[in-house]
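Everything on this sheet refers to the single structure shown next.
Throughout, read-outs are computed from the coordinates displayed, never taken from laboratory work. Source: prediction; values computed, not measured. All Cβ positions, even for glycine, are placed from backbone atoms using ideal geometry, and neighbour counts span all protein chains on display.
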Amino acid sequence: MATQGTLSILGALARAIGQLGDPGLRAPLLKSMALSVAAILVLWIGLGYALLHTQLFAIGWVDTTVAAIGGFGVVVLTLILFPTFVAAFLGLFLEAVAVAVEKRHYPLLPPAQSRSTLAEILAGLRLVGLALGVNLLVLPLYFVPGINLAVFLAANGYLLAAEYVGQGLARRADPAVLRDLWRNRRGEAWFAGALFAGLSLVPFVNLAVPVLAVATCTHLVESWLRGGTETGHRG
């Protein structure tokens, strides 16, 4: 049986899915996807050129083998990280997605505390850096059947929870409330992040995950602020 927290997360996700046709969500998604595809292509071209033109051992077949293995690793890693690239670029439009959700579902809310464009860019870069570092650290485990999925969901689930739930809280909660909510709701936030990470493994669906994550977490934060003992929307 699903817990109340789980049901609230799934309910928030369902509301987010129901709003995907809204131009306020569709436009940021298309922009972040286009930027991500461009970034991945540049990465592949750059790393591919480096692998093909770097001789580590000066032995033809050895360097060819290393280049092939390295190329395969690059492809695997970039495919794994593609949703993170989309999420990072979506950081430029995160405020627009959250505002679109609030405008439709919570029209009486006061203006939220928003980040500057520079802060959005830095947050996106931080997410990519953290995701790249964590996934490189556990990359060998991705090739171990039986634990690879659990490792992926645990690692990326926490990263996505920290980014999306944390940012949603920062928009609407005072610092003290933010700390209390994160401490009390950390398990639910991690479950939500793991859910987003799992959806990112589904072809085509993964492209919409960043928008769904922002919209879902906007609902979750509002629900937590209204339903818990915490007080005080900021804005």
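Assorted remarks:
- Applying the criteria of a DSSP loop state and at most 10 other Cβ atoms within 10 Å to the chymotrypsin sites (Phe, Trp or Tyr not before Pro) of the stretch 140-235 yields Phe204.
- Computed from the C-beta positions of Ser223 and Leu149 and an R0 of 35 Å, the FRET efficiency is 0.75 to the nearest 0.05.
- Simple spin-label estimate for Ala14 and Leu30 gives 2.9 nm between the two label positions (7 Å along the Cα-to-Cβ direction from each Cα).
- Contour minus Cα-Cα distance for Leu136 and Leu43 (0.36 nm per residue): 31.9 nm
- Karplus-derived 3J(HN,Hα), 6.51/-1.76/1.60, for each residue of the stretch 154-169, Hz, glycine and proline x: 5, 5, 6, x, 5, 4, 5, 5, 4, 6, 7, 5, x, 5, x, 5
- Long-range HN-HN contacts of Ala173 with modeled amide H, under 5 Å: Arg234
- Stretched out straight at 0.36 nm per residue, the stretch from Leu118 to Val205 would grow longer than its current Cα-Cα span by 28.4 nm.
- Packing-based order for 169-179, 14-24, 208-218, 30-40, using average beta carbon neighbours within 10 Å, highest first: 208-218, 169-179, 30-40, 14-24
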